[in-house]
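Structure, as structure tokens:
No lab work stands behind these numbers, since they all come straight from the coordinates. On a predicted model such as this, the values are computed, not experimentally measured, just so you know.
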């Protein structure tokens, strides 16, 4: 039996995956960037069988910057009427976790980021390329 080819469709191609990221998550990305977070990474866990849809992972150079990044994210999302359901690690400032149910923010010190290596640990997650300027949907 010959393989049938599908006729070309007239649908417009969809934009990049990043265009479908929830507004609250873009707000968190921009808040982290506003405090000079480095290595900002977004992982799509929606098809990885995880307990959340996304991980936002970033790094602060020292405890003061880790606090500043976490505080900026929390404040920016508070303006959208979102509060984390759970916060961990704030006092030590090695790895601050902010749980917003649909996504989890991880703010690491450089040593903790290297040690825990979430991108490697969640290898089935799809990394999402973040444009310089985030455009919420």
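Taking the DSSP bridge list for the range 18-128 and keeping only pairs wholly inside it, about 75 percent are antiparallel. Once you have a ≥ b ≥ c as the square roots of the Cα gyration tensor eigenvalues for the range 36-81, tell me rounded if a/c is under 1.5, and otherwise prolate or oblate according to whether a/b is larger than b/c. Oblate is the answer for the range 36-81, as a/c is 1.5 or above yet b/c matches or exceeds a/b.
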